[in-house]
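Q: So that we are looking at the same thing, I have put the structure below in structure tokens.
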Ligand SMILES: [Fe+2]
């Protein structure tokens with residue numbers, strides 16, 4: 001008897017080109033500012049789970065359109081930081097290297113170190129989305145490191161050693177690790193240290209990934225300095241060149257990535273004092289890592 005015919009999924013209504021063995025796929029042929037149905041969104045989600053980084057080229061989204069697209073992935077996460085005037089950041093906030101008069105200036109900060117967004121929260125970010133509104137003529141890259149690959153690369157003995165470990169993440173540790181002014185008392189109260197597993201399982205695919213970065217302070221239950229040094233060694237192993245994809249921004253790119261299995265960092269490889277780099281950022285709230 002013939003086997004029952006399998007349902008063949010229709011191809012996604014856009015083209016995809018993988019960008020690296022580490023992850024990332026370039027998507028063309030869709031206007032994210034125009035309405036589209038759930039079947040198209042399902043294809044986008046499939047690509048997201050498979051490639052971890054989606055790069056939509058040639059997009060032109062208003063703030064409202066970016067917020068609407070972001071909401072399809074889940075609840076939008078508020079930014080914990082405050083603007084210089086003390087007000088909360090809007091849900092869509094702007095990342096730039098501009099002073100009050102709009103002139104390009106040199107900037108620095110924790111973004112230039114490997115991290116996964118908001119791992120100093122008990123419920124960290126699921127995905128982050130950046131829309132490139134203005135890009136420098138050269139550089140201003142963002143790098144991603146694949147933490148599934150980093151986990152898979154560990155020998156069995158190391159995997160067993162790290163499997164049951166939990167790390168303490170905090171904003172205070174971030175400031176210390178990135179040589180910035182210490183966290184204020186208000187920040188420490190608003191962002192108390194949290195404990196996360198060093199190895200987490202992706203809540204959708206089940207794949208294991210290392211969960212590390214510049215927000216970590218030490219290992220729960222171990223002497224602080226020893227645990228800090230251990231995490232630093234593990235981070236160096238996890239961010240070797242074989243696990244990295246470097247994204248070179250084009251104006252109009254809309255890039256989103258999975259914070260549950262990637263680390264990322266900005267690269268200070270553009271002329272900040274004469275060129276403008278402006279990105280619109282939105283974030284989707286995740287779930288408690290396990
Ligand atoms: Fe980030």
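The values are calculated or read from the model by the stated rules, or taken from the named source; none is laboratory data. Quick caveat, the model's predicted, so the values are computed rather than measured. Counting neighbours? That spans all protein chains shown, and the Cβs are built from the backbone with ideal geometry, glycine included.
Q: Only one of 195, 200, 233 is over 30 Å from residue 97 (Cα atoms), away from the ligand (no atom under 16 Å from the Cβ) and part of a helix (DSSP H, G or I); which?
A: 233
Q: On to the next question. Restricting segment 115-126 to residues that are assigned to a loop (DSSP other than H, G, I, E, B) and surrounded by fewer than 20 Cβ atoms within 10 Å (Cβ to Cβ), which is nearest to the ligand (Cβ to nearest atom)?
A: So the residue we want is 123.
Q: Would a scan of segment 262-277 turn up a residue that is assigned to a strand (DSSP E or B), more than 16 Å from the ligand (Cβ to nearest atom) and either at pLDDT 95 or above or in contact with a strand residue (DSSP E or B) (Cβ under 8 Å, 6 or more places away or on another chain) (or both)?
A: No, because not a single residue in segment 262-277 is assigned to a strand (DSSP E or B), more than 16 Å from the ligand (Cβ to nearest atom) and either at pLDDT 95 or above or in contact with a strand residue (DSSP E or B) (Cβ under 8 Å, 6 or more places away or on another chain) (or both).
Q: Something else now. Go through segment 244-266 and count every residue that is over 20 Å from residue 119 (Cα atoms) and in contact with a helix residue (DSSP H, G or I) (Cβ under 8 Å, 6 or more places away or on another chain).
A: Of the residues in that region, 1 qualify.
Q: Are any of the residues in segment 127-146 within 16 Å of the ligand (Cβ to nearest atom) and free of Cβ contacts under 8 Å to residues at least 24 places away in the same chain?
A: Within segment 127-146 (the criterion being within 16 Å of the ligand (Cβ to nearest atom) and free of Cβ contacts under 8 Å to residues at least 24 places away in the same chain), the answer is no, since none of the residues qualifies.
Q: While we're here: Please specify each residue of segment 138-152 satisfying the condition of being closer than 17 Å to residue 202 by Cα and surrounded by fewer than 17 Cβ atoms within 10 Å (Cβ to Cβ).
A: 152
Q: Let me ask you something else. Of all residues in segment 194-241, count the ones that are closer than 19 Å to residue 172 by Cβ and touching a residue at least 60 places away in the same chain (Cβ under 8 Å).
A: Number of matching residues: 11.
Q: List, please: which pairs have Cβ atoms under 7 Å, are six or more places apart or on different chains, and start with a residue in segment 180-193 that is over 22 Å from residue 108 (Cα atoms) and end with one that is part of a loop (DSSP other than H, G, I, E, B) and at pLDDT below 90?
A: 190/80
Q: Only one of (1) more than 16 Å from the ligand (Cβ to nearest atom); (2) not in a helix (DSSP H, G or I) fails for residue 49. Which number is that?
A: Only one criterion in (1) more than 16 Å from the ligand (Cβ to nearest atom); (2) not in a helix (DSSP H, G or I) is unmet by residue 49, namely (2).
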